[in-house]
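Inspection log for the structure reproduced underneath, given as structure tokens.
The values are calculated or read from the model by the stated rules, or taken from the named source; none is laboratory data. The shown structure was predicted, so the numbers you read here are calculated from the model rather than taken from an experiment. Cβ placement follows ideal geometry from the backbone for every residue including glycine, while neighbour counts extend to all protein chains displayed. For the accessible areas, the whole protein counts, side chains as well, though only heavy atoms, and no ligand, DNA or RNA atoms are used. Shrake-Rupley method; radii C 1.70, N 1.55, O 1.52, S 1.80 Å.
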Amino acid sequence: MSRLLAVLLFALFSSPALMAQSQDADKLIGVWQPSDGRSYLKIDKIGNKFYGRVVWLKEPNEEDGSPKLDKNNPDESLRSTPLKGYRVMKDLVYDEEVKLWLYGTIYDPKNGTTYNCKIELMDDNKIEVRGFVGTAVFGRTDVWTRLQKKK
Amino acid sequence: MRKIIFFLGFIALAACSADLAQLEVEKNLMLQGEMLFEGANTLSMDNDQDLITLIEEAGLTTDQVESVGISEAKITLNSSEKSIAESLLLQIVSDNNELITLGTLNPLPEGAIVDLKLAEEIDIKPYLEDSGCTWVLDLNLSGDANEMAIKSKIKLVVNYKEN
């Protein structure tokens, strides 16, 4: 009986905390615009990890009219993949203690380089995205703005 | 004396090392998604066969398996899927392994069954042994679809040590 009571008490007190944790983590989900305004990235979730994909490009085509491809991919066999729809942000996991999305990567199609990535929520509609090599000290930060639905 | 030790060492090494052999296993996937709109979309399937299940028919153990590659990935599209699908990108992810690309195809050629262009040096053994293993198909669409269930047939190449 006391064991059952303990289980019930644990469930009562732990569920809201877990729910809050999940809600905090999911604040990253949405469509975001990097500061240069040349693309939109949609961040969604697979399992417990977050991924960002290019869903809009200001200049989606090359000069000859063909869609832009991932032509700088280090793996030659994947260079025919279109940039529109490409998953450039991968495997971010929310760390509840530091309130950051960590352990993931961000890919720069301009040079075919993958950087470590961490994201901090500044407010509900702004995130600070840092791409870095090795330690977070050596890197570049960009502020992305959430795309709002037109009312 | 030194020669004898060297010879005995060589014999011991040869006895311990096992030859690598290959086993080909076919795997069927059904990648599903709903409420799909024009643009970038995702279909997925939770992996239903872990490494043990895949190799048990061949009487192998996971300790024997060195790596699991992919030699072929075919995607079957029906006429309505084909009419709006522009490009395909097959990936795999699991709880403790990052999302990797297995194959891509852009643009799509004629025909209902298409062959993906495979990535170089794939080893999905860590994924098949991990929890949360998921097959992910990203596709760009030129139109909307309520839902899609796309069939894929993959040839896995299991490299294993012979006992």
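Residue under question is A:Val31, and the condition is that it be among the β-branched types (Val, Ile, Thr), in contact (Cβ under 8 Å) with a residue 60 or more places away in the chain, closer than 23 Å to B:Leu43 by Cβ and open to solvent by less than 50 Å² (accessible area, probe 1.4 Å); does it hold?
Working: among the β-branched types (Val, Ile, Thr): yes; in contact (Cβ under 8 Å) with a residue 60 or more places away in the chain: yes; closer than 23 Å to B:Leu43 by Cβ: yes; open to solvent by less than 50 Å² (accessible area, probe 1.4 Å): yes.
Here the answer is yes, as A:Val31 does meet what is asked.
Yes or no: A:Asn73 modelled with pLDDT under 95, facing chain B (nearest Cβ under 10 Å) and under 27 Å from B:Asp130 (Cβ atoms)? No; evaluated as a whole, the condition is false for this residue.
In summary, A:Leu121 fulfils each of the numbered conditions (1) touching a helix residue (DSSP H, G or I) at 6+ places or on another chain (Cβ under 7 Å); (2) open to solvent by 50 Å² or more (accessible area, probe 1.4 Å) with the single exception of condition (2). Within the stretch B:26-70, restricting attention to residues that are part of a strand (DSSP E or B) and open to solvent by 60 Å² or more (accessible area, probe 1.4 Å), the residue that is modelled with the lowest pLDDT is B:Met35. May I ask you to verify whether A:Lys110 is open to solvent by 20 Å² or more (accessible area, probe 1.4 Å), within 26 Å of A:Gln148 (Cβ to Cβ), out of contact with any helix residue (DSSP H, G or I) (no Cβ under 9 Å at 6 or more places or on another chain) and in contact (Cβ under 8 Å) with a residue 12 or more places away in the chain? No: the conditions fail for A:Lys110.
Condition check: more than 10 Å from every other protein chain (Cβ to nearest Cβ) and either of a type in the set (S, T, N, Q) or outside any helix (DSSP H, G or I) (or both). Does A:Trp56 satisfy that?
On the way: more than 10 Å from every other protein chain (Cβ to nearest Cβ): no; either of a type in the set (S, T, N, Q) or outside any helix (DSSP H, G or I) (or both): yes.
Taking the combined requirement at face value, the residue does not satisfy it.
Could we say that A:Lys90 is touching a helix residue (DSSP H, G or I) at 6+ places or on another chain (Cβ under 9 Å) and charged (D, E, K, R) here? Walk me through it before giving the result.
On the way: touching a helix residue (DSSP H, G or I) at 6+ places or on another chain (Cβ under 9 Å): no; charged (D, E, K, R): yes.
The answer is no for A:Lys90.
Spot the failing condition for A:Asp24; the list is (1) more than 14 Å from chain B (Cβ to nearest Cβ); (2) under 20 Å from B:Phe37 (Cβ atoms); (3) modelled with pLDDT under 95, and only one is missed. Here A:Asp24 meets the rest and fails (2).
Taken over the stretch B:109-163, the residue count meeting the criterion of being of a type in the set (S, T, N, Q), within 21 Å of A:Tyr86 (Cβ to Cβ) and out of contact with any helix residue (DSSP H, G or I) (no Cβ under 8 Å at 6 or more places or on another chain) is 3. Please tell me if B:Ile154 is open to solvent by less than 70 Å² (accessible area, probe 1.4 Å), within 13 Å of B:Ile70 (Cα to Cα) and within 12 Å of another protein chain (Cβ to nearest Cβ). No. Evaluating A:Val143 against the criteria (1) under 17 Å from the mean Cα position of the chain (by Cα); (2) outside any strand (DSSP E or B) leaves one unmet condition, (2).
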